[in-house]
Amino acid sequence: MIHFENVGLRYGMGPEILRDLTFDIPRRSFQFLTGPSGAGKTTLLRLLFLSLQPTRGIIRTFDREISTIPRDELPMLRRRIGIVFQDFRLLDHLTTYENVALPLRVRGKEESSYRADVLELLKWVGLGERINVLPAVLSGGEKQRAAIARALIDRPELLLADEPTGNVDPPMARRLLSLFLELNRLGTAVVIATHDLSLMDQVDEARRMILSQGRLDIYD
Amino acid sequence: MTDAPQETAQDAQPARRLEMRVRPTAPIVPPSNVSGNALMLVIAIMAFLACLTFGAVNMVRATAASWQSQISREVTIQIKPDDALDMEQALKDVRDLALTFSGTRDGTIVDKAATARLLEPWLGEGLNIDELPVPRLVIVTINEQSPPDFAAMRVALAEKVPTAFLDDHRTWVDRLVAMARTTAFIGTGVLVLVFSAMVLTVVFATRGALSGNRHIVEVLHFVGAEAGFVASEFQKHFLKISLKGSVAGGFLAALFFAVASFWQGRSIATPQSDQATALFGTFSMGLTGYLGIAATIVVIAVLTTLTARFTVMRTIHEIDLIRSDPSRTDQLPDQ
């Protein structure tokens with residue numbers, strides 16, 4: 001589904017943050033992306049999310065070489081990818097329900113067609129009683145779950161999550177992980193960037209992608 | 001068997017309860033915030049000033065045109081006294097002669113009493129006009145569109161009454177025309193400056209208000225919204241703001257002129273009103289004035305909407321530029 005070949009990236013004239021990355025993200029796969037702080041995990045996620053282009057190498061996303069994709073086609077490709085930002089990126093004036101429904105709304109869907117799905121997902125992530133609450137009132141963990149729900153709501157083919165369990169307690173982290181696994185069983189490829197070793201230990205069959213000094217090692 | 005329907009009913013109950021609690025969907029762009037309210041106020045003030053300037057320039061032009069038209073509607077024939085001249089007969093002859101020319105409409109002899117009133121400020125009351133060698137006047141009204149041949153009239157008058165002198169007010173008319181043109185030119189210049197200031201203020205205020213919403217543009221972009229969708233959401237929002245602001249400003253300007261016109265109408269023939277009328281003309285806006293206000297409102301609304309659209313499109317373009325040029329990443333929050 002995603003293919004990286006000799007990908008390198010540097011910011012301006014600085015040193016290469018990522019070097020010679022060659023790997024695949026197969027369909028229906030589940031992988032953890034880990035490594036020390038500053039290793040380039042967020043940058044790699046941004047490359048996967050099409051919000052950056054590499055300075056060298058080739059990236060193929062959904063069988064298309066990304067350097068050849070016209071700008072106006074990017075939104076359609078992004079719709080196939082769900083992303084959970086580390087800083088959540090919820091809109092402060094929208095309720096939890098409206099934030100989660102946002103991807104469906106921008107696709108032009110009628111509210112009546114997705115209301116039940118959104119409510120069900122919110123219930124599943126433990127926000128069933130917080131649907132009309134604005135983000136300012138939510139705790140860090142609740143914002144995290146709302147951001148995850150927003151990424152999942154349209155059943156993306158690829159889910160990218162940057163430290164998705166960083167702000168939640170262990171029981172909620174396990175619950176969120178089971179949500180990711182369930183989504184994975186339904187066919188979504190999942191990439192979770194995390195420092196949490198205990199989280200990774202809970203999924204034996206997951207691939208481990210370890211970034212260190214700009215290089216990537218993969219353990220299947 | 002009996003449990004199943006009960007379970008279904010129980011399941012359906014909370015779902016319905018949750019559904020009932022969802023508030024009406026809020027607009028993607030927040031309906032009001034500090035920058036939006038400030039923008040609305042700026043637009044209202046600029047619309048008020050622009051409409052006021054438009055109305056004032058309109059008024060000055062009308063007044064200047066009216067001065068010009070009033071003075072060029074008349075000519076004066078002056079007859080200097082002479083011992084051998086029968087003044088009253090000469091006045092009649094001159095008037096009749098003038099009226100034989102095509103382009104003249106009416107002739108009025110300024111009688112002795114009126115002449116005395118004219119001289120009253122300099123010579124005082126109770127003046128006996130027969131005791132002084134005072135020139136007498138005949139005022140001839142002419143057709144402004146096709147005035148008579150003044151040169152031929154001068155020759156004919158000189159033949160008939162050698163001391164008669166025709167004053168077609170050309171010097172005054174020329175001066176007034178120049179003054180009216182200068183006034184209208186200055187007025188138009190002021191109008192252009194105020195409109196330019198309005199355009200720039202509205203453009204920069206809109207961009208300022210939008211900069212506070214950049215995070216919304218980014219989130220929409222990253223959840224897969226197309227640039228056109230994002231732009232249309234912001235366009236709608238800024239169209240509402242600009243319409244509210246410009247209609248308020250335009251309405252206040254129209255109200256100002258209506259109140260001033262009402263006051264002028266009520267206090268007609270009072271010194272204050274006469275002075276104001278002499279200085280500014282009449283405060284009536286007329287259809288052109290109200291159309292001008294409506295046009296100003298439309299211009300502001302279109303301007304704000306287009307600025308919002310271009311700014312959003314440019315923001316999205318910048319996000320895409322950052323995508324293709326990682327060295328620009330510092331312009332976005334960490335992802």
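Laboratory data are not the source of any read-out in this text; all were calculated from the coordinates shown. Predicted model only: the values in this text are computed from it and were never measured. With ideal geometry, Cβ positions are generated from the backbone for all residues, glycine too; neighbour counts draw on all protein chains shown.
Overall, the protein assembly as shown carries a charge dipole of about 1400 debye about its Cα centre when +1 sits on the Cβ of Lys and Arg and -1 on the Cβ of Asp and Glu, all other atoms neutral. Within the straight-line cut-off of under 18 Å between alpha carbons, the lysines reachable from A:K143 are A:K123, sequence neighbours fewer than 8 places apart in one chain being disregarded. Find the centroid of the Cα atoms in the stretch A:82-159 and in the stretch B:118-184, then give the distance between the two in whole Å. Taking the Cα centre of the stretch B:118-184 as reference, the centre of the stretch A:82-159 is 87 Å away. Computed over the alpha carbons of the protein assembly as shown, Rg followed by Dmax gives 41.0, 137 Å.
Residues in the stretch A:147-157 carry Karplus couplings, in order, of 5, 5, 4, 5, 6, 8, 4, 9, 6, x, 7 Hz; the curve used is 6.51 cos²θ - 1.76 cosθ + 1.60 with θ = phi - 60°, and Gly or Pro positions show x.
Principal-axis analysis of the Cα atoms of chain A puts helix A:170-185 at an angle of about 70° to the longest axis. Taking amide H as placed 1.01 Å from N in the peptide plane, the amide H of B:E74 sits under 5 Å from that of B:I142, each at least 5 places away or on another chain.
Cross-link reach is defined here as a Cα-Cα straight distance under 18 Å, omitting same-chain residues fewer than 8 places apart; for B:K80 the aspartates and glutamates meeting it are B:E88, B:D93, B:D96, B:D111, B:D130, B:E131, B:E159, B:D167, B:D168.
Here the calculated FRET efficiency for B:E318 and B:T188, from their Cβ-Cβ distance with R0 = 45 Å, stands at 0.70, rounded to the nearest 0.05. Given +1 at the Cβ of Lys and Arg, -1 at the Cβ of Asp and Glu and no other charges, the dipole of chain A around its Cα centre is 340 debye to the nearest 20.
Averaged over the residues of B:221-233, the number of partner chain Cβ atoms lying within 10 Å of the residue Cβ comes to 6. Seen from a random direction on average, the alpha-carbon convex hull of the stretch B:73-168 projects onto 6.1 square nanometres. Hey, for a label at A:E120 modelled as a point 7 Å past Cα toward Cβ, could you say which residues of the stretch A:43-85 have their backbone N under 20 Å away? Those under the cut-off are A:82. Here the convex hull built on the C-alpha positions of the stretch A:105-220 has a volume of 134 cubic angstrom per residue. Per-residue Karplus couplings for the stretch B:41-54, computed as 6.51 cos²θ - 1.76 cosθ + 1.60 with θ equal to phi - 60°, are listed in order as 5, 4, 5, 4, 5, 5, 5, 4, 5, 5, 5, 4, 5, 4 Hz, Gly and Pro entered as x. With Cα atoms as the point set, the stretch A:23-129 shows a radius of gyration and Dmax of 16.6, 48 Å.
Sites listed here are GluC sites (Glu not before Pro) in the stretch A:50-115 whose DSSP assignment is loop and whose Cβ has at most 12 other Cβ atoms within 10 Å: A:E110. The alpha carbons of the stretch A:90-154 occupy a box of 29, 22, 18 Å along the principal axes, longest dimension given first. Of all aspartates and glutamates in the structure, those lying under 18 Å Cα to Cα from A:K109, and not within fewer than 8 positions of it along the same chain, are A:E98, A:D117, A:E120, A:D154, B:E19, B:E226, B:E233. The residue list A:V100, A:G126, A:I148 was ranked by how far each Cα lies along the charge dipole of the stretch A:90-154 toward its positive end, using unit charges on Cβ atoms, and A:I148 comes out on top.
Close amide H pairs (under 5 Å, H built 1.01 Å from N) link A:V84 with A:L160, A:A161, A:D162, residues at least 5 positions away or on another chain.
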